[in-house]
Amino acid sequence: MTLFSIISYVFTLAVALAYMNARFIKMETTIAVMTGSLILSLMLLIFNFLGLVDIAHPLAKLLSQIDFRALLLDGMLSFLLFAGALTIDIKKLRQYKWEIMVLASLSTLISAVLVGFGSFYLLQWLHINIPLIYCLLFGALISPTDPIAVLAMFKELNAPKGLDTCVAGESLFNDGVGIVIFLSLYHVAFSGEPVTFAAVSQLFLHEAIGGILYGMGLGLVTFWLIKPIDNHKIEILLTLAVATGGYALAQAVEISGPLAMVVAGIFIGNFKNHCGIAKSARANLEEFWELIDEVLNALLFVMIGLELLLLNVNLKVFLAGLFSVILVLSIRFLTVGVPISIFKRFHQYPKYTIRILVWGGLRGGLAVALALALPDGVEREIILALTYAVVVFAVVVQGSTVKQLIKRSKQQLT
């Protein structure tokens, strides 16, 4: 079976789940799609266990032909980040620039270290022995909140203005920072080259600062090209070129493509309102990228649910996954709560801001993709299982309950 056929079937399933949700259940789309695919995966595994019908193994074999890591990191991620960044209001972003800067950089780095060491000792306690570097890689991939999951949910919940900017800004930027931390640790672990602080710092700065500067240049050039054009189709094609060619070039010169897409998307999204583009053309551009965002989100989250069929989990690893959820949430509360408590002295926030930032800080497909990027072996299987546990809990449990916190926060503003 061809890759196109497999993705077509997965996409058809995603559309079917999204339609049933819109027609009958009316949950947030991303949560409903992933929950539906998880239930389907569990049913297939139960049927196989009971000997009723063995569909799980053939389906798992088909799914294994899809390189989920490459599909997300080398394809879908550029579109999803660019689409999300287009909606960010740079004026509101400036109002929360210090919070976003601290949460996206310092908090993410501290969280990666704490989760890494915490998971190492947790696994030792459960008599699961893997090297510390794998645990630090787990900390790096699971600490950033996934903008794909966060933006999709907060957009549907219509969170209070300001709070949604803070959450979206943090998730967009800490995503790029998290990938850079992960790649730096990966380089340390598996490159075979001598490890020095200077070398790691240089790699980090090259990826992060290079990505931001490149994204700014890409956004300005695109703005300059769009300004004299009065053709919404060409404008859409230019933004597509940014998300494809721009991202590919960033990877080729080894700078952070995700950070570049975020910065370029913010620039273009804000400039399009001030460069003479007709209102109808702006609406067409926004509707196009909203559709791209919806399509790819549906495909991504149904694939996350179906990845359950590929996991090998025993009782010890299952318990480690449950404890990892508690560990990650506890450290998230610490690394978010402390800086926001300090910023409260200078800035007024809606009620329940810390709780919403902690509980609404979802992890998603990006974490799974980074876990799949680890070298084959027992260590990868364990890290993948821990990652999957945190992601499933985040999207299904946190995603479906944070709505109540957001409602309470909005009521305090009325």
Notebook entry, point to check: Accessible area of R363, 1.4 Å probe, to the nearest 10 Å²?
Noted result: 10
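Would the range 284-336 count as rounded, prolate or oblate if I go by the C-alpha gyration tensor, calling it rounded below 1.5 in a/c and otherwise prolate when a/b exceeds b/c, oblate otherwise? Can you show the working numbers first?
On the way: a/c = 7.83, a/b = 1.63, b/c = 4.80.
Cα axes put the range 284-336 in the oblate bin.
Only helices at least 18 Å long along their axis, Cα-based, and averaging 1.0 or more on Kyte-Doolittle count here, so list those DSSP H runs from the chain. Let's see the in-between values first.
Details: long enough: 3-20 (26 Å, 2.04); 29-50 (31 Å, 2.00); 108-125 (25 Å, 1.48); 163-190 (39 Å, 1.20); 197-226 (43 Å, 1.48); 257-271 (21 Å, 1.73); 279-306 (41 Å, 0.65); 315-343 (42 Å, 2.10); 378-392 (21 Å, 1.57); 399-413 (22 Å, -0.87).
Membrane-span-like by this rule: 3-20, 29-50, 108-125, 163-190, 197-226, 257-271, 315-343, 378-392.
What is the magnitude of the charge dipole of the range 1-133 about its Cα centre, with +1 placed on the Cβ of each Lys and Arg, -1 on the Cβ of each Asp and Glu, and no other charges, expressed in debye to the nearest 20? Don't skip to the end; give the middle numbers.
Values: 8 positive and 6 negative charges, 79 e Å.
The dipole magnitude comes to about 380 debye.
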Next item on the list: Under a 10 Å cutoff between Cα atoms, tell me which one of V358, V392, V338 has the largest fluctuation in the Gaussian network model of the chain.
Entry: V338
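Take the residue pairs K97/K233; K26/K61; K316/K403; K92/K344; K91/K233; K26/K407 and return only those whose Cα atoms are more than 23 Å apart.
Details: K97/K233 34 Å; K26/K61 32 Å; K316/K403 33 Å; K92/K344 17 Å; K91/K233 28 Å; K26/K407 17 Å.
From the list (K97/K233; K26/K61; K316/K403; K92/K344; K91/K233; K26/K407), the Cα-Cα distance tops 23 Å for K97/K233; K26/K61; K316/K403; K91/K233.
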Notebook entry, point to check: Using 0.36 nm per residue, how much length does the chain from I6 to K227 gain when fully extended, once their Cα-Cα distance is taken away?
Noted result: 75.5 nm
Next item on the list: Figure the gain on full extension for H127 and K97 (residue separation times 0.36 nm, minus the Cα-Cα span) and round it to one decimal in nm.
Entry: 6.5 nm
Note to self: If I model a spin label as a point 7 Å beyond the Cα along the Cα-Cβ vector, how far apart are those points for K351 and I326 in nm?
What the structure shows: 3.0
Note to self: Compute a Gaussian network model of the chain, connecting alpha carbons closer than 10 Å, and tell me which residue from E28, E99, E254 fluctuates the most.
What the structure shows: E254
Note to self: Given the options W98, I55, F346, identify the residue whose Cα lies farthest towards the positive end of the charge dipole of the chain (+1 on Cβ of Lys, Arg; -1 on Cβ of Asp, Glu).
What the structure shows: F346
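In debye, nearest 20: dipole of the chain around its Cα centre with unit charges on the Cβ of K, R (+) and D, E (-)?
On the way: 27 positive and 25 negative charges, 321 e Å.
The dipole of the chain has a size of about 1540 debye.
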Check: Where is the GNM fluctuation largest for the chain (alpha-carbon springs, 10 angstrom cutoff): A250, A298, A16?
Finding: A16
Notebook entry, point to check: For labels at N312 and I236 in the simple 7 Å Cα→Cβ model, what's the distance in nm?
Noted result: 4.6
Next item on the list: Could you work out how far apart the two model spin labels at L62 and L106 are, taking each label as a point 7 Å from the Cα in the direction of the beta carbon, and quote it in nm?
Entry: 5.0
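With each run of n ≥ 4 DSSP H residues scored as -39500 (n - 2.57), what mean residue ellipticity at 222 nm is computed for the chain after dividing by its residue count and rounding to the nearest 500 deg cm²/dmol?
-24000 deg cm²/dmol
The values are calculated or read from the model by the stated rules, or taken from the named source; none is laboratory data. What you see is a predicted model, and the numbers here were worked out from it, not measured in a lab. With ideal geometry, Cβ positions are generated from the backbone for all residues, glycine too; neighbour counts draw on all protein chains shown. What goes into the accessible areas is simple: the full protein's heavy atoms, side chains included, and nothing from ligands, DNA or RNA. Shrake-Rupley method; radii C 1.70, N 1.55, O 1.52, S 1.80 Å.
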